[in-house]
1. Under 12 Å Cα to Cα from LYS182, which aspartates and glutamates show up? Leave out anything in the same chain fewer than 8 places away.
2. Determine the gain in length on full extension of the stretch LEU92-THR132; use 0.36 nm per residue of separation and subtract their C-alpha separation, reporting nm with one decimal.
3. Only bridges whose two residues both fall in the chain count here: according to DSSP, what percent of them are antiparallel, nearest 5?
4. Pairs of alpha-carbon atoms within less than 8 angstrom and 6+ residues apart define the contacts here; what relative contact order does segment 169-236 have, in percent?
5. In the neighborhood of MET1, defined by Cβ-to-Cβ distances under 13 Å, what is the net charge if each Lys or Arg adds +1 and each Asp or Glu adds -1?
6. Given the Cα-Cα distance of SER120 and ASN215 and 0.36 nm per residue of separation, how much length would full extension add, in nm?
7. Suppose R0 equals 30 Å. What FRET efficiency, 1/(1 + (r/R0)^6) with r the Cβ-Cβ distance, do ASP62 and GLN13 give to the nearest 0.05?
8. As a check on your grasp of the helix formula, calculate [θ] at 222 nm for the chain: sum -39500 (n - 2.57) over DSSP H runs of n ≥ 4, divide by the residue count, round to the nearest 500.
Amino acid sequence: MLEIRDLSVSYGQHRALESAALHVSPGEIVVILGANGAGKSTLLKALCGISEGRVTGSALLDGEEILGARPDRIVEAGLSLVPEGRGIFGDLTVQENLTLGAYPTRARDDETGNLDRVLSLFPKLAERRRQTVRTMSGGEQQMVAIGRAMMSNPQVLALDEPSLGLSPLLCKDLFQSLLAVKAAGVGVLLVEQNAKQSLRIADRGYLLENGEIVNEDKADALARDPAVQRAYLGAG
Ligand code: ATP
């Protein structure tokens, strides 16, 4: 269980996130929706220990405070990030990229077991395990990035706009793979601009506007909300 309370981030005088509160339970997909500049990446970076701003508040992962800890300690505690732009190594094979994700102690003890688990979660990666990542499609590369983050055996997987730059068909594949992560009992914290498809797979969602959470509800209720439809679902 991830419990974020009163999380604020400032860049100099600019307050980019104001007292955010949210939680993610095991096996739950939670989406954070917001326009460009709303503070979505700011929130994720603060959580994962890579913020360039001044961070205050609290983030408890199974009762352990992770806010302000070093990024590697946060991965050890059980929170793994798939960064925007994926951060994978194009010259390496799928399997080599996955193995690189097994560096935390929580994963190293059972590297083979983790690899088997991730490859069974993503059968498409198993078929391609010897392929050089650069030769794969954008959607397949995104799956490698998710697989690599899953190698650390996280309790919560955070993703920063994973659907960016993917075709609608590849987006569908991507969101299906997040359902597999959910089925494995892992909590998913998903930052997205693609409201339509992310609300379809999410359990709950939060709306972030100008650094503040302005609405929180079950995903189906958010999808029906007229304000959400106007702002994020292309309704007039
Ligand atoms: P996008 O979808 O465009 O990535 P976002 O919701 O992720 O948007 P953030 O990147 O979190 O938005 O940015 C929120 C605000 O904080 C913006 O006004 C942005 O200019 C500002 N900001 C982000 N990073 C920094 C930084 N390192 N220094 C100063 N200001 C920043």
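1. Output for LYS182: GLU28, ASP203.
2. Extra length from LEU92 to THR132 when fully extended: 13.9 nm.
3. 55
4. Result for segment 169-236 is 23 percent.
5. With Lys, Arg at +1 and Asp, Glu at -1, the neighbours total -3.
6. Extra length available between SER120 and ASN215 comes to 30.6 nm.
7. The calculated FRET efficiency here is 0.30.
8. Helix contribution divided over all residues of the chain: -10500 deg cm²/dmol.
Values quoted throughout were computed directly from the atomic coordinates according to the rules given, and no laboratory measurement underlies them. Only a predicted model underlies this, so the values are computations on that prediction, with no experimental measurement involved. Here Cβ is always computed from backbone atoms with ideal geometry, including for glycine, and neighbour counts include all displayed protein chains.
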